[in-house]
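Below: one structure, written as structure tokens.
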Amino acid sequence: MSKNTAEYWYRLAVKIDKDVETALQRESITLVQYADAIKAMMYSLTRKNVFVNPYWNDPLEDAMGGLFDMVSLYFHNNTNAVVMIPMALDLIVTGNQPHTYMTDFLADVITMGMPDKKRVSKKIEPEIPADPQEEAGRQMGHINYLIEEINNYARQEDFLNALRTINEIVPQIESFSQREIVVIDLPAILNNKAYFTLKIGKPENALEVVQDLIQKKPDYALAYHTQAEIFDEMKRYREAVISIDKAISLEESADKIDYKNQLLAKIGG
């Protein structure tokens, strides 16, 4: 079966999960050791070293080899891998998500855009009904997949589809408990919603979105920066200066100061 098909990666994910579950039940591995093995994979990839399978000549050898293939493909194709994988591991080790959360997420992201993506899923074999914790893990994996899709749309400057995808995931994220939502940067997603709304030519709607975000999170510097850009587009330059001043007071940076000077030049001109 070709590695260019979603079915290949979903079948691999199911096989990995079964082998890891068996090892956990036999107590030949712990969740911490499972996480450490994945951290070792990430370390070898970031350092460009050869990964030495710690479970060589062990029942988990094939599972760890397959998992490395998944981690490696995600790492090389997604710049946020160094952030997302450690966050996922933290959820698993602390018991907030099952060990299957990792392969759920990796399989969803890796298979993005593959021709058979829509007709297959990780549920390619009959299984017993998932418990609520496992279902939450799958939902989190799906949301992470959609966040990656939003990033891809943004890189292509396809702001309309990026905005549509944000509108799809925000209600799902807001339905999560605070413990589950901690690994998802909801303010950043809402800020992007405001920015994408601006980019499709709706500054008034964008202003409503960012002002609602500021009301919920008044110490979020990026939101004030985005608000300044929206005021700038609306030619409300003095309000834009007030907004960027607030952003600077919360989180000073050279780009914010440069932007303020550009706004002042517009007022002066």
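The values are calculated or read from the model by the stated rules, or taken from the named source; none is laboratory data. Bear in mind that the values here come from a model prediction, so they are computed numbers and not experimental data. All Cβ positions, even for glycine, are placed from backbone atoms using ideal geometry, and neighbour counts span all protein chains on display. To get the accessible areas, we keep the full protein, side chains included, count just its heavy atoms, and leave off ligands, DNA and RNA. Shrake-Rupley method; radii C 1.70, N 1.55, O 1.52, S 1.80 Å.
Take Glu208 and decide whether it is closer than 21 Å to Leu163 by Cα, modelled with pLDDT of 95 or more and open to solvent by 60 Å² or more (accessible area, probe 1.4 Å). Spelling it out, Glu208 is indeed closer than 21 Å to Leu163 by Cα, modelled with pLDDT of 95 or more and open to solvent by 60 Å² or more (accessible area, probe 1.4 Å).
In this structure, does Ala23 turn out to be of a type in the set (Gly, Ala, Ser), part of a helix (DSSP H, G or I) and either at pLDDT below 90 or in contact with a Leu (Cβ under 7 Å, 6 or more places away or on another chain) (or both)? Yes: the conditions hold for Ala23. With respect to being at pLDDT 75 or above, out of contact with any Lys or Arg (no Cβ under 7 Å at 6 or more places or on another chain) and either open to solvent by 80 Å² or more (accessible area, probe 1.4 Å) or outside the structural domain of Asn152 (by the TED database) (or both), Pro115 falls outside the description. The residues of the range 219-238 that are more than 30 Å from the chain's Cα centre (by Cα) and surrounded by fewer than 15 Cβ atoms within 10 Å (Cβ to Cβ), listed by number, are Lys235, Arg238. Taking each residue of the range 149-174 that is within 15 Å of Asn191 (Cα to Cα) and aromatic (Phe, Trp, Tyr) and looking for partners that are open to solvent by less than 40 Å² (accessible area, probe 1.4 Å) and in a helix (DSSP H, G or I) with beta-carbon atoms closer than 7 Å, six or more apart or interchain, yields Phe159/Phe196.
Of all residues in the range 178-186, one or more are closer than 20 Å to Met87 by Cβ, modelled with pLDDT of 75 or more and part of a helix (DSSP H, G or I).
When the range 249-269 is filtered for residues that are of a type in the set (A, V, I, L, M, F, W, C) and open to solvent by 30 Å² or more (accessible area, probe 1.4 Å), the ones remaining, listed by number, are Leu250, Ala254, Ile257, Leu264, Ala265, Ile267.
As for the range 37-53, it holds no residue that is in contact (Cβ under 8 Å) with a residue 60 or more places away in the chain, assigned by the TED database to the domain that holds Gln25 and either in contact with a Ser or Thr (Cβ under 9 Å, 6 or more places away or on another chain) or among the acidic types (Asp, Glu) (or both).
Inclusion of Tyr43 among residues that are out of contact with any His (no Cβ under 8 Å at 6 or more places or on another chain), surrounded by 19 or more Cβ atoms within 10 Å (Cβ to Cβ), in a helix (DSSP H, G or I) and at pLDDT 85 or above is not warranted. Within the range 88-103, the set of residues being among the acidic types (Asp, Glu) and open to solvent by less than 10 Å² (accessible area, probe 1.4 Å) is empty.
Against the test of being at pLDDT 85 or above, more than 20 Å from Pro98 (Cα to Cα) and surrounded by fewer than 16 Cβ atoms within 10 Å (Cβ to Cβ), the options Asp62, Asp69 yield a single qualifying residue, Asp62. Scanning for something closer than 16 Å to Lys193 by Cβ, at pLDDT 85 or above and either surrounded by 17 or more Cβ atoms within 10 Å (Cβ to Cβ) or not assigned by the TED database to the domain that holds Asp19 (or both), does the range 132-150 turn up at least one residue? Within the range 132-150 (the criterion being closer than 16 Å to Lys193 by Cβ, at pLDDT 85 or above and either surrounded by 17 or more Cβ atoms within 10 Å (Cβ to Cβ) or not assigned by the TED database to the domain that holds Asp19 (or both)), the answer is yes, since at least one residue qualifies.
Just wondering, is there one or more residues in the range 23-44 that are among the charged types (D, E, K, R) and within 22 Å of Val83 (Cα to Cα)? For the range 23-44, residues among the charged types (D, E, K, R) and within 22 Å of Val83 (Cα to Cα): present.
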